[in-house]
Structure formats: structure tokens, C-alpha cells
Amino acid sequence: MIKRSLKDIEEMVQGLGLRKKCKDIYIEGVSTDSRKIEKGQLFIPILGENFNGHEFIMQVIEKGASATLWNKNEPIPKNVDFPFILVKDTLVALQNLAKEYRNQLNLKVVGITGSNGKTSTKDILASILSTKYKTKKTVGNLNNHIGTPLTILNLDEDTEMAVIEMGTSNFGEISLLTSIAKPDIAIITNIGEAHLQDLKTRENIAKAKLEILEGLNPEGLFIYCGDDPLLKKEVENIDIKQKVLTYGVEELNEYQCQLGIVDQNSLSFSLKIPTCHDFFVPMLGKHHMYNATAAIIVANYFGISFESIQEGLYHIDKTGMRNELVYAEGFTILNDSYKSNPSSVLAALDTLYGLDGYKQKIVVLGDMQGLGEDEIKMHEEIGLKIDPNQVDYIFTIGPLSQHIAKAARINFKKDKTISCSNKAQLTKKVKKVIKPNALILVKASRALELEKVVEALRKEVHFPKDEVI
């Protein structure tokens, strides 16, 4: 984590007002959360629409913070002997501090964006890089204008590799993040339908993702999925000075992958780089072949042996609530409750269909948010595409997902498609129909918090062992 004197911090954020006696005080780490502040850290209060971090300064002082950045328009508490560094905007100061710190570090940064798969690609790549280099990655989903700076400021001075996930919902957001992280390698996994509400078209989504190139090292490397026709088209329309590599199953890609065996807990595939190598990935879902391929290209670029690459693949530290099997008493949940959009729902359904040995399959789907003016049509299309030969029951929750159920009734009996108004009702109705040795897919956008349904089902549904085959 960042360790600097307050004099250095003041210069890095172009602040003022620090008293001379405080200039040699050192901070170790930063925090924007007064509840989680630790002794010796720099507090950076953020001013939001519904909160003001400056209001919690006394709690921060009591917990042992070393200093604080401070919006110069906020009143400073009277009679408080504490180091304040005044800035015009604390959020901008946080971002500038991260940018300056990144410039001072001797490391390589890999920036990853895309509509789907960026978190899994991040996890896979960080695991592989860790076999040779001291590596850190974005924690959880801290991939926005606050999370990315915090990730960078949490890097140790001797970090050799940083894998930074970059999310976006509108133009300019990745432009900001890439200007802070300054990646040496940039990856775009794919272009989906997420954020159509703001960006309107998939072409605009592609353009927003391609902003990652603005901060890419002039001598760096750009990697993207060549099987994505829209992404490929948009890339060909811009002049990219850096080296470009593509991957996918199609022959024109520089790195061509081919799926092997897929089972309940893993997949295998072959990859030409340029000779053919076989890899095993202990992750659920054949789409992880693409995520692993992007990661392997980076690892190969940095000189990691194929033996070490496979070793890294064996020990992936996966971010939760993404395509994970949760084993309960007598049944299993395919928990993919972190986010949802049409392409990721179809991938999750494909994974569900491919899992054998279950006596019953249930789909629980919540609203896919942020899809824009065609959101109803997109929900209807999902309902039409659910295979009645693969799924026994469909449960939905949320106003938009009612359209999934309505469309699904064209292929399913009415009593097999059930719309629910809240999580308690949903849990209750699933409990009524679930049988021993069932598999339940749970997927929705983050705001619906369907992980609570996953946990409720785990706690409330139990089958005796003699009923489970």
C-alpha cells in the first residue's frame, strides 16, 4: 500500500493548508470508508448525492487515522489538532493521488474490460502471473472511478504485476480509469448488452470499451476476442499504434482455441501459441475457455512457462457469485447472482443444460437491468429461448422478468412458469416444488440481491441422505 509523508501527499494531490509541523508525518494506506479506517491511514472523505464523508471526521480521528484530505468548501471542525490537506474536490484528489502513485511504481499493469468475463479473466490471469511475479488484482468488483484508484493505492511498492478490472456504464468512464492505471497490456473480452440504457447501442458500448486504449503504453499490447464481430469491426475502424493480438475459435485469430471436455467442475481446451498446447481449467462453463485464453496470451507474453501456466490455472482464486456451484443438503445451486444481461443469461443456461446427473432443473431469473428501450423485448427473448426439454420450472422476480415468464409460457405449461413479487415468496414457492437431487440456476442483476435467495434455500431446504441419489 502507499506509504508517503504528508508533504509528498500534499504535492501529489496539489493540495494546500498542511501545517509545517505535520509535513513529516507518514501515512500507510488510504480509505474512503470511515467504518473501515485503520490506524495510520489517510482518510479521503467523498461527497456523494446522499452522503458526505466529511461528517465522520471525528470517528476517523478516534480510530487512529494519520491525516485527511478535505474539500476546501467544507467547514473544518474547530479546536481539532489534526492534519488537514485542502483540495478542491476529494474525489478528484483520490484519482490524482492514484495516478501519481502509479507513475512512481516500477511494475506492469494489465487492464481488462468487456461486457462479460472480465472478472473471471482477471482472476485467472492473476493466478497465473503469481507463479512468477508478485501480483495483485482488483478486489471483488472495485472497478469504477473510486474502486480503481483504491486498488492502485493498495499496491505495495514491490508489486511486479497489477491486474486491473475496468467497468463502465457510459462514455468517458474507462477513459478516466485508463488514464489513472496506464496499462501496459489492455484486454477487451467481448461486447454485450449491458449498459444499453445509457449507451443506447452495442456499437456505442464497443466505443466506450475501446477507450481503454487511450491510456495504453505506446509500446504496449492490445488483446481482444476476434470472434466478436462487432468488436472486430470497431477495432478495424481505428488506428492502433500498439501491437494487436486476437483470440477465439475462428481460424483468422492469432491465438486459436478449441474446446475439449466439459464437465460439472472443469473444462479442457487446446490452444495454438503457435504450436498446440492443452490446458485444464477447474471452472464451470465452457465460456471460461475464452477467459483463460486471454490470460494465457498475457502470461506467454511475460515469459511464463506452459507448466507454470497450468499450475496457475489449478489454483484460481475466484470472485464469488459468478457461475459457482453451491452444494446444499440434497440439492445444488448454480449461483450466478452477481449480474445479468441477455448474453450472460444464455451462457448460464447453456452451462445448466450441460450439467448431467440431476433429477430436476429449476431456473430462477430476476430482472436484467440497464438494457434501455428494448428491455421488455430482451426479457421476452430470454423466455422464448429457455428449453422446456432441459428445464422443469421457471421462477422470476421483478417487473421486467414477468416478461420472461409470459414468453416462456408459449413453450411451458402455465403452472411451470411462476412470477414472484418478493424474495420471501420466491423462496417459499421454490421450496414447494423442489425435489431431491435438483439443480437450481439463480441469476439476476446485482440490485435484486438474489444471493439472499441462495442463502435462504440453503438454510431452509433439507433432504435426507436416503432420498438423494
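Okay, here's what the table says:
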| item | result |
| --- | --- |
| Filtered residue count, the stretch 310-336, keeping only those that are buried (at least 21 other Cβ atoms within 10 Å of the Cβ) and in a helix (DSSP H, G or I) | 2 |
| Single match in Ala405, Ala447 (criterion: among the hydrophobic types (A, V, I, L, M, F, W, C) and surrounded by fewer than 19 Cβ atoms within 10 Å (Cβ to Cβ)) | Ala447 |
| Test for Ala295: is it assigned by TED's automatic domain parsing to the domain that holds Leu450, surrounded by 12 or more Cβ atoms within 10 Å (Cβ to Cβ) and not acidic (Asp, Glu) | no |
| Glu251 vs. criteria part of a loop (DSSP other than H, G, I, E, B) and modelled with pLDDT of 95 or more | no |
| Single residue of the stretch 157-189 satisfying the filter (part of a loop (DSSP other than H, G, I, E, B) and touching a helix residue (DSSP H, G or I) at 6+ places or on another chain (Cβ under 6 Å)) that is nearest to Pro218 (Cα to Cα) | Lys182 |
| Residues located in the stretch 342-358, provided they are more than 18 Å from Cys420 (Cβ to Cβ) and assigned to a helix (DSSP H, G or I) | Pro342, Ser343, Ser344, Leu346, Ala347, Ala348, Leu349, Asp350, Thr351, Leu352, Tyr353, Gly354 |
| Filter pass, Leu271 being at pLDDT 95 or above and either in a strand (DSSP E or B) or closer than 20 Å to Gln310 by Cβ (or both) | yes |
| In the stretch 58-109, residue surrounded by the fewest Cβ atoms within 10 Å (Cβ to Cβ) [restricted to those that are basic (Lys, Arg) and within 33 Å of the chain's Cα centre (by Cα)] | Lys88 |
| Pair list, Cβ under 6 Å, 6 or more apart: the stretch 43-65 residue in the same structural domain as Phe82 (by TED's automatic domain parsing) and over 16 Å from Pro75 (Cα atoms), other residue charged (D, E, K, R) and in a loop (DSSP other than H, G, I, E, B) | Gly64/Lys39 |
| Only one of Lys339, Lys361 that is outside the structural domain of Ile187 (by TED's automatic domain parsing), in a loop (DSSP other than H, G, I, E, B) and surrounded by 16 or more Cβ atoms within 10 Å (Cβ to Cβ) | Lys339 |
| Selection within the stretch 21-51 - polar (S, T, N, Q) and out of contact with any Asp or Glu (no Cβ under 8 Å at 6 or more places or on another chain) | Thr32, Ser34, Asn50 |
| Tally, over the stretch 39-55, of residues that are buried (at least 17 other Cβ atoms within 10 Å of the Cβ) and not in a strand (DSSP E or B) | 6 |
| Options Lys36, Lys7; residue that is out of contact with any helix residue (DSSP H, G or I) (no Cβ under 7 Å at 6 or more places or on another chain), in a loop (DSSP other than H, G, I, E, B) and either charged (D, E, K, R) or farther than 27 Å from Thr135 by Cα (or both) | Lys36 |
| Residues that are touching a helix residue (DSSP H, G or I) at 6+ places or on another chain (Cβ under 7 Å) and either within 15 Å of Arg4 (Cα to Cα) or without any contact (Cβ under 8 Å) to a residue 12 or more places away in the chain (or both), drawn from the stretch 97-109 | Leu97, Ala98, Lys99, Glu100, Tyr101, Arg102 |
| So Lys7, is it within 24 Å of Asn106 (Cα to Cα), in contact (Cβ under 8 Å) with a residue 24 or more places away in the chain and more than 27 Å from the chain's Cα centre (by Cα) | no |
| Any hit, the stretch 136-151, residues being in contact with a helix residue (DSSP H, G or I) (Cβ under 6 Å, 6 or more places away or on another chain), aliphatic (A, V, I, L, M) and surrounded by fewer than 19 Cβ atoms within 10 Å (Cβ to Cβ) | yes |
| Filtered residues of the stretch 419-438 (kept if surrounded by 21 or more Cβ atoms within 10 Å (Cβ to Cβ) and in contact with a helix residue (DSSP H, G or I) (Cβ under 7 Å, 6 or more places away or on another chain)) | Cys420, Leu426, Thr427, Val430 |
| Test for Glu236: is it closer than 13 Å to Ile185 by Cβ and loosely packed, with under 15 Cβ neighbours inside 10 Å | no |
| Candidates Pro83, Pro45, filtered to the one that is in contact with a Lys or Arg (Cβ under 8 Å, 6 or more places away or on another chain), at negative phi and at pLDDT 95 or above | Pro83 |
| Matching residues, the stretch 121-143, being out of contact with any His (no Cβ under 6 Å at 6 or more places or on another chain) and in a helix (DSSP H, G or I) | Thr121, Lys122, Asp123, Ile124, Leu125, Ala126, Ile128, Leu129 |
| Qualifying positions in the stretch 300-310 - under 25 Å from Glu324 (Cα atoms) and touching a helix residue (DSSP H, G or I) at 6+ places or on another chain (Cβ under 8 Å) | Ser308, Ile309 |
| Residue check for Glu373: over 23 Å from the mean Cα position of the chain (by Cα) and either assigned to a loop (DSSP other than H, G, I, E, B) or modelled with pLDDT under 95 (or both) | yes |
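The values are calculated or read from the model by the stated rules, or taken from the named source; none is laboratory data. Computed from a predicted structure; not experimentally measured. So basically every Cβ, Gly included, is an ideal-geometry build from the backbone, and we count neighbours across all protein chains shown.
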